[in-house]
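The values are calculated or read from the model by the stated rules, or taken from the named source; none is laboratory data. It should be emphasised that the depicted structure is a prediction, and the values quoted were computed from it without experimental measurement. Because the Cβ atoms are built from the backbone with ideal geometry, glycine has one as well, and the counts that use them run over all protein chains shown. Note: areas computed on protein heavy atoms with side chains; ligands, DNA, RNA excluded. Shrake-Rupley method; radii C 1.70, N 1.55, O 1.52, S 1.80 Å.
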Amino acid sequence: MVASGFYFPEAPRWRDGHLWFSDVFGGLVYSWDPETGEIAEHAQVPRRPSGLGWTPDGQLLVVSTLDRTLWRADGTTVADLNPVSDSKINDMVVDTDGTAYIGNDGFDLEARAPEQPAQILRVSPTGEVSVAADGLRFANGMVITPRRRLIVAETWGRRLTSFAVDDDGSLGDRLLFAELGAGSPDGICLAPDGQVWVADPMGRRVLLIAEGGTVDQVFNFPGCRPTACVLDDTGSHLYVCTAPSIDPAKVQARPGGEIVAIDLG
């Protein structure tokens, strides 16, 4: 364990030698310095921060889930996604040109509403919003591969799905990347060899899965729920966000979330 005392750490990113992450129910975005162990606050997002990313000029972008907006870390609004999303927005990946892809839930999970199809929403570098893909089952963590494929975790679909990222930022050529069987994928990150690390909170595990579904490694978390993961820039350490529960009421009762490091050797 490298850091603790959070409510629900999510959306970890590795940048400039630091681990960055959101504390969803704590309303804050942090970074952690592995050399000093120091934790710094970077943004306050009262309506639940989630996905993180950076523009080409280095500005931090943060998803504000409940009001369905994309923020800069200074609190200014980049885009309002309410015109294209009827449900809470969630994780995000930002492409090299600054295009942001943001998943939504499709339905109100906390209210136990019936499941509805989810979407991947696109925010252009100049702030225009559109629907890039639909018909998903709870769009969650995302990565973009060097081959220009966007991979998204469909939590309710128990699968990873990939799309070609076209030059204009649109998504096409939808393909199944892998099925998880009994697993429910949440946050994901890309391994150097093209496989994907997947946090599976329902299965209390993190697994490394190849295209087609072959599982190469599994790390079990019997006492908590792993929600997201990221590799450092060397690929030798996997950082996993964990929470004692995925029930919002239980999570908000006490700050029991932690970030755990796994030495991959």
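For segment 100-230, what does the alpha-carbon gyration tensor say about shape, rounded, prolate or oblate, given a ≥ b ≥ c as the root eigenvalues, a/c under 1.5 as rounded, and a/b over b/c as prolate?
Working: a/c = 1.94, a/b = 1.25, b/c = 1.56.
Note, shape of segment 100-230 comes out oblate.
In the full protein assembly as shown, how much of residue 7 is accessible to a 1.4 Å probe, in Å² to the nearest 10?
Its heavy atoms expose roughly 70 Å² to the probe.
Any idea which of 171, 190, 237 is furthest toward the positive side of the dipole for segment 150-261, if Lys and Arg beta-carbons carry +1 and Asp and Glu beta-carbons -1?
237
Would you kindly calculate the mean projected area, averaged across all directions, of the convex hull enclosing the Cα atoms of the chain, in square nanometres?
Working: hull surface 51.1 nm².
For the Cα atoms of the chain, the hull's average projected area reads 12.8 nm².
Please give the peptides 174-187, 245-258, 34-47 ranked by average Cβ packing (other Cβ atoms within 10 Å per residue), highest first, as a rough proxy for protection. Walk me through the intermediate numbers first.
Values: 174-187: 19.3, 245-258: 15.4, 34-47: 13.2.
Descending mean neighbour count gives 174-187, 245-258, 34-47.
Which one of 146, 102, 248 is farthest out on the positive end of the charge dipole of the chain, using unit charges on Cβ (Lys, Arg +1; Asp, Glu -1) and the Cα centre as origin?
It is 248, whose Cα lies furthest towards the positive end.
Using a/c under 1.5 as the rounded threshold, could you call segment 64-153 rounded, prolate or oblate? The axes a ≥ b ≥ c are square roots of the C-alpha gyration tensor eigenvalues, and prolate needs a/b larger than b/c, oblate otherwise. Mind showing how you got there, number by number?
Details: a/c = 1.96, a/b = 1.21, b/c = 1.63.
Oblate.
Express the relative contact order of the chain as a whole percentage, based on alpha carbon pairs under 8 Å and six or more residues apart in sequence. Could the numbers behind the result be given before it?
On the way: 765 pairs, mean separation 39.5, N = 265.
So the answer I get is 15 percent.
Remind me, relative contact order of segment 67-193 in percent, using alpha carbon pairs under 8 angstrom and six or more residues apart?
16 percent
Considering only protein heavy atoms and a probe of 1.4 Å, how much of the accessible area of segment 166-230 is carbon and sulfur, as a whole percent?
Ligands and nucleic acids excluded, carbon and sulfur reach 48 percent.
For the chain, what is the mean residue ellipticity at 222 nm derived from helices alone (per DSSP H run of n ≥ 4: -39500 (n - 2.57); sum divided by total residues; nearest 500 deg cm²/dmol)?
Working: 1 runs with 6 residues, N = 265.
Computed mean residue ellipticity for the chain: -500 deg cm²/dmol.
Based on Cβ point charges of +1 for Lys and Arg and -1 for Asp and Glu, what charge dipole magnitude is obtained for segment 58-210 about its Cα centre, in debye rounded to the nearest 20? List each step's numbers first, then the result.
Working: 14 positive and 22 negative charges, 98 e Å.
Result for segment 58-210 is approximately 480 debye, rounded to the nearest 20.
Connecting C-alpha atoms closer than 10 Å in a GNM of the chain, tell me which of 170, 124, 31 has the biggest fluctuation.
170
Determine the relative contact order of segment 1-113: mean sequence separation of Cα pairs under 8 Å and six or more apart, normalised by residue count, in whole percent. If you can, show how the numbers build up before the last one.
Working: 251 pairs, mean separation 18.2, N = 113.
It rounds to 16 percent for segment 1-113.
Using the heavy atoms of the protein chains alone and a 1.4 angstrom probe, what is the accessible area of segment 83-212 per residue in square angstrom?
Numbers: 5310 Å² over 130 residues.
Per residue, segment 83-212 has 41 Å² of solvent-accessible surface.
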